[in-house]
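First the structure, in the form of structure tokens, and then the observations on it.
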Amino acid sequence: MLRGILKSDVATHVNIAIMRTFVMIRKFAIQHDDFNQKLLEIENKYDQQFHDIYEALNFGIEKQNKIGSERTKIGYK
């Protein structure tokens, strides 16, 4: 990817290093079940928190839309 944009030897080496890093992370996650389990626990914990935040934001947006439609319009008619 990076090589396609920059077209240099450095970009090629960086791209290869990035791919090797992802492969190492994948191998580490497969070999270490406790790490994988902890990662899933963290993911589930924060998914619920983000769900709560989205719910609160949607409530605020709906409330604002309701208030905005009830008020009298000002300006030129």
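The simple spin-label model puts a point 7 Å past each Cα toward its Cβ; for I74 and E62 those points are separated by 2.9 nm.
In this simple spin-label approximation, K7 and E41 carry label points 7 Å from Cα along the Cα→Cβ vector, and these lie 5.1 nm apart.
Estimated at 0.36 nm per residue, the fully extended path between E55 and K27 surpasses their Cα-Cα distance by 6.4 nm.
Read-outs throughout are calculated quantities, based only on the coordinates presented, and are distinct from any laboratory measurement. Please read these numbers as outputs of a predicted model, since none were measured by experiment. Don't worry about glycine lacking a Cβ; one is built from the backbone with ideal geometry, like all the others, and counts go over all protein chains shown.
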